[in-house]
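The values are calculated or read from the model by the stated rules, or taken from the named source; none is laboratory data. In this text the structure is predicted, and so the values were computed from the model without any measurement. So basically every Cβ, Gly included, is an ideal-geometry build from the backbone, and we count neighbours across all protein chains shown. Side chains are part of the model used for accessible areas, which takes the heavy atoms of the whole protein and leaves out ligands, DNA and RNA. Shrake-Rupley method; radii C 1.70, N 1.55, O 1.52, S 1.80 Å.
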Amino acid sequence: MSETTFTATGRRKRASARVRIIPGTGKITVNGKTHEEFFPTEQAQRAVMDPLTTAEKQDSFDVIARVAGGGITGQAGAVSLGIARALQKYDAELRAPLKKNGLLRRDPREKERKKTGQPGARKKFQFSKR
């Protein structure tokens, strides 16, 4: 791995992404596909672009991401966090704008476990008095 490649890991919910940024033209590849192909929703595509837009580096880096687990939203969040962390490694001065927009914070929300004697995490079986 050369000095011009910056790697980072991003996670959200059950999704985990390994991200590499390389100086280039602004191509974003996720699991071998373009990010528009991989993420069908505009919201997910915007989430992936957020760190680059905030740092004003959309056309400066090529992004290669490998993502597994979770769903579309979780995967987009994981890739976003990975890109933000890699950009921070590239230039420590980008930390302030990325942090201000909340892009360096890992979303800690996870699925709550199902409890015994209940059909779900919070839902209860119907109560019958008689």
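Descriptive notes on the structure:
- Here, the chain is characterised by an Rg to Rh ratio of 1.16, where Rg is the alpha-carbon radius of gyration and Rh the Kirkwood radius.
- Solvent exposure of the chain, expressed per residue, is 67 Å² of accessible area, with all protein chains present and a 1.4 angstrom probe.
- Rounded to 10°, Cα long-axis angle of helix 42-55 versus longest principal axis of the chain: 40 degrees
- Segment L104..T34, full-extension length gain: 22.9 nm, with 0.36 nm per residue of separation and the alpha-carbon distance subtracted.
- Taking the 1.4 Å solvent-accessible surface of the chain as the whole, the part contributed by carbon and sulfur is 48%.
- Tilt relative to the chain, helix 72-90 - C-alpha long axis, 0 to 90 degrees, to 10: 40 degrees
- Debye equation applied to the C-alpha atoms of the stretch 9-51, log10 I(q)/I(0) at 0.24, 0.27, 0.34 Å⁻¹: -1.04, -1.27, -1.35
- Residues listed by number, the stretch 64-83, amide nitrogen under 15 Å from A121 label point at 7 Å toward C-beta: 70-71, 74
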